[in-house]
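Structure first, commentary second.
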Amino acid sequence: MDIGKKIKELRVAKGLTQEELADRSELSKGFISQLERDLTSPSIATLMDILQCLGTTVSEFFQEDPEDQIVFQNEDYFEKIDSELGSKTEWIIPNAQKNMMEPIRLTLKPGGLTYRDLPHEGEEFGYVLKGSIKIHIGHKSYTAKKGESFYFTPHSEHYIEAFGTSGAVILWVSTPPNF
């Protein structure tokens, strides 16, 4: 761990100058400068004093935040198959329910449907990867084919069905998460 760099980040986040941190921790500005550039190391007691002035503890300071997963692969996905509706829903970002948006990959067999979703807050976006679909929103229907996208606010009951003989695959993103 780069102690000096982390102390500097905390100091800057608190809006303190090196001189202000030095005064609060009863150290010299030169020592703080050398510490932040990793030219010197503090004793445990000095480090505890500095961290107290920065509003943190030794355990919090040395705790490594787990790195967020950025790339997801097939083995990370969770899927639900609905043979009655002829659909397979794949959550391609695990635990996306805690995020602001929730992307899924939806595969529909020929004539396959999604369940009828009731009106709700948010927005829905989709991109057709394969085949053609009908998007039913309230009493209206819209057709989208491979390479086309759709977007709507779900103020009415809505669902999607595969249109044609090949079925369909779409990337569907909902915000807030509701799949």
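The values are calculated or read from the model by the stated rules, or taken from the named source; none is laboratory data. Model, not experiment: these values are computed from the prediction. Don't worry about glycine lacking a Cβ; one is built from the backbone with ideal geometry, like all the others, and counts go over all protein chains shown. These accessible areas exclude ligands, DNA and RNA; they are computed on the full protein's heavy atoms, side chains included. Shrake-Rupley method; radii C 1.70, N 1.55, O 1.52, S 1.80 Å.
A compact table of results
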{"read-out": "Hits in region 118-174 - residues which are free of Cβ contacts under 8 Å to residues at least 60 places away in the same chain, polar (S, T, N, Q) and under 20 Å from residue 90 (Cα atoms)", "value": "132, 149, 166"}
{"read-out": "Residues (among the basic types (Lys, Arg) and outside any strand (DSSP E or B)) located in region 142-175", "value": "146"}
{"read-out": "Filtered residue count, region 113-133, keeping only those that are assigned to a loop (DSSP other than H, G, I, E, B) and open to solvent by less than 50 Å² (accessible area, probe 1.4 Å)", "value": "3"}
{"read-out": "Qualifying positions in region 19-54 - open to solvent by less than 60 Å² (accessible area, probe 1.4 Å), in a helix (DSSP H, G or I), under 25 Å from residue 65 (Cβ atoms) and in contact with a Ser or Thr (Cβ under 9 Å, 6 or more places away or on another chain)", "value": "32, 35, 46, 47, 50, 51, 53"}
{"read-out": "Hey, residue 155 over 19 Å from residue 80 (Cα atoms) and open to solvent by 70 Å² or more (accessible area, probe 1.4 Å) or not", "value": "yes"}
{"read-out": "Tally of residues being at pLDDT 95 or above, open to solvent by 50 Å² or more (accessible area, probe 1.4 Å) and within 20 Å of residue 152 (Cα to Cα) across region 88-112", "value": "1"}
{"read-out": "Residue, farthest from residue 8 (Cα to Cα), within region 55-68, restricted to residues that are in a loop (DSSP other than H, G, I, E, B) and among the charged types (D, E, K, R)", "value": "68"}
{"read-out": "In region 56-76, residue nearest to residue 21 (Cα to Cα) [restricted to those that are more than 15 Å from the chain's Cα centre (by Cα) and open to solvent by less than 60 Å² (accessible area, probe 1.4 Å)]", "value": "56"}
{"read-out": "Scope region 91-117; condition of a type in the set (S, T, N, Q) and in contact (Cβ under 8 Å) with a residue 12 or more places away in the chain; matching residues", "value": "97, 99, 107, 114"}
